[in-house]
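Please read the structure below before turning to the comments.
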Amino acid sequence: MPSNTLALSPVDAMDSCDSSTDKRSDASEIGNACDSKVHVFSSSSELLDKLHEKWSLVKKQPYPAMYSSVFGGIILDPAMMVIPIDDHMVHRGHGVFDTAIILDGYLYELDVHLDRFLGSASKAKISSPFPQSTLRSILIQLTVASQCKKGTLRYWLSAGPGDFLLSPAGCPTSAFYAVVIDEDFSQCKEGVKVITSTIPMKSPLFATMKNVNYLPNVLSKLEAEEQGAFASIWVDEEGYIAEGPNVNVAFVTHEKELILPVFDKILSGCTAKRLLQLAPKLVEQGLLKSVKTANLTAEEAKGAAEMMYVGSTLPLLPIIMWDDEPIGEGKVGELTMALSDLVWEDMVAGPETQRLRVPPPPPPPPPQEDPPPAAAGAAKPGLRKPVFTKVDQLKPGTNGHTLTVKVLESNPVSSQLRHARIAECLIGDETGTIVFTARNDQVDLLKAGATVILRNAKIDMFKGSMRLAVDKWGRVEVTEPADFTVKEDNNLSMIEYELVNVADE
């Protein structure tokens, strides 16, 4: 009877492995002769060296600082920014989280988000290991240590590490984690397309609690991207507008009314609630007639004059198309941008009740004396030289490849992700070719005719075929033209793979 073990098997190359392996030696032999051997790390120092090697390839550290109550302090080494695998947030989803904005050296609406954070923890039956004042102090100190002036501060409360059971009774204490994410964002001024999601939305208990179970949100976002849209809109079982996958939604009617869906079945967004506080300024100026929350049917919402997403880093994102139908005149509305200006100005120069100034970091310690010189003949640790791989050696599920290849073609691919550029590039060497997925700055490097070195590349699977990619752990370098001739009749991306059950003997 087939086991639950899955292996990748190439449809076009089932016979590429040694035919003498028709008989499996025993039930413990998984896969086939093409399987690579899994490395066993002999020590923690070897593993840490490997992690440091990967992070050394990253041009800019995206996570300048992390806090862990498990470690009991702030971590600046990205290789150590980890959480235990037996943490119940990891394997049971028993955790909650929230986010605050770092902008121009200020934390925006930290206290409001912390209040919601602890409210979510209460609903999830997670007790904080610290009082709210201590959590606040930790987050401020973490932001100071990060020296980040613009980004996001994300933090989690977990039932904690302890075991792999369902109940957290075996967890000695809950855990608090936080990380500073260095990211650029700006006021959104271009409109996007959305769809109505067919993914079932969360029940009110879970929708009103900011918990780590975001699988419905992820599937809703993917569903939209697959249809060429930016994101989606959830409509509840009664036919009323709910929210987006990780943002609230708002409408301006033809009568100049600003309407947000009521928060009884959805997350009460902090930015959405702040918008409701600021928008009456436009009523005073005669630009809006009224501001309110109300139930809106999908038909009523699609008939609005303007529509927008509302979220922390946007702060408002204009929506101009919904299910391939224009909203209003099908362009960014003036009132949408007026509302966006109100919130953005509040983020940049709002009152002290909304913006908390992050103190400057403490001065660096005085320089220490140089250590004594190493004894003569003492061994010095050396950097490992990369081992170069040929294209025809690439296999599904592998990574860590370094290759020198020529770029034969570069074809841009449309993307609904903001500020994202993607190109599918046919690359190769003297052994074969493969499609490389270039992203953002990589698109500029992989021009037809160029020779590049791909460091720490990995294999992704797309519709059963291999694609080569380099993520933040790797690097793409333009180098001198190679003197080999590309073998164009061996395209590895033309081989289709399928998942097959591996039967036990």
- Note on the structure: To the nearest 10 degrees, the tilt of helix 44-55 (Cα long axis) against the first principal axis of the alpha carbons of the chain is 70 degrees
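Would you mind counting up the charge near Thr479? Only other residues with Cβ under 14 Å from its Cβ, with Lys and Arg at +1 and Asp and Glu at -1.
Numbers: positive: Lys406, Lys447, Arg455, Arg475; negative: Asp429, Glu477, Glu480, Asp483.
Here the count lands on 0.
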- Alpha carbon centre of the range 337-357 versus the range 200-267: separation in Å? 24 Å
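Rounded to the nearest 0.05, what FRET efficiency do Thr431 and Met461 have when you use their Cβ-Cβ distance and R0 = 25 Å? Display every interim value, and only then the final one.
Working: r = 21 Å, r/R0 = 0.82.
Rounded to the nearest 0.05, the efficiency is 0.75.
Run the numbers on the range 251-357 and let me know its relative contact order in percent, using alpha-carbon pairs under 8 Å that are six or more apart. Walk me through the numbers before you get to the answer.
Working: 141 pairs, mean separation 28.3, N = 107.
26 percent.
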- Task: Subtract the Cα-Cα distance of Glu329 and Glu53 from 0.36 nm times their separation in residues, and report this length gain in nm to one decimal.
- Result: 94.1 nm
- Message: Assuming 0.36 nm per residue, please report the length gained on full extension of the stretch Glu299 to Leu278 beyond their Cα-Cα distance.
- Response: 4.8 nm
- At 0.36 nm per residue, minus the direct Cα-Cα distance, what do Thr196 and Asn213 gain on full extension? Give it in nm, one decimal, please. 4.0 nm
- Message: Taking Rg and Dmax of the Cα atoms in Å straight from the coordinates, which label in [x] 23.1, 75; [y] 26.6, 84; [z] 40.1, 142 is the correct one?
- Response: [y]
- Output the peptides 181-188, 256-263, 477-484 sorted from most to least packed, where packing is the average of other Cβ atoms within 10 Å over each peptide's residues. 256-263, 181-188, 477-484
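Magnitude of the Cβ-charge dipole of the range 122-184, K/R +1 and D/E -1, about the Cα centre, nearest 20 debye?
In debye, rounded to 20, the range 122-184 gives about 240.
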- Over the chain, relative contact order from alpha-carbon pairs under 8 Å, at least 6 apart, %: 15 percent
- Item | the range 72-148-the range 448-495 distance, computed between alpha-carbon centres (Å) | 39 Å
- Message: Given R₀ = 41 Å, what would the calculated FRET efficiency be for Gln132 paired with Lys390, taking r from the Cβ atoms and rounding to 0.05?
- Response: 0.10
- With DNA, RNA and ligands ignored, accessible area of Arg116 (1.4 Å probe; Å², nearest 10): 40 Å²
- Report Lys50's accessible area, 1.4 Å probe, all protein chains in place, as a number in Å² to the nearest 10. 80 Å²
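The values are calculated or read from the model by the stated rules, or taken from the named source; none is laboratory data. Quick caveat: nothing in here was measured; it's all calculated off a predicted structure. Reconstructed Cβ throughout: ideal geometry from the backbone, glycine too, with neighbour counts over all protein chains shown. For accessibility, only protein heavy atoms count, side chains too; no ligands or nucleic acids. Shrake-Rupley method; radii C 1.70, N 1.55, O 1.52, S 1.80 Å.
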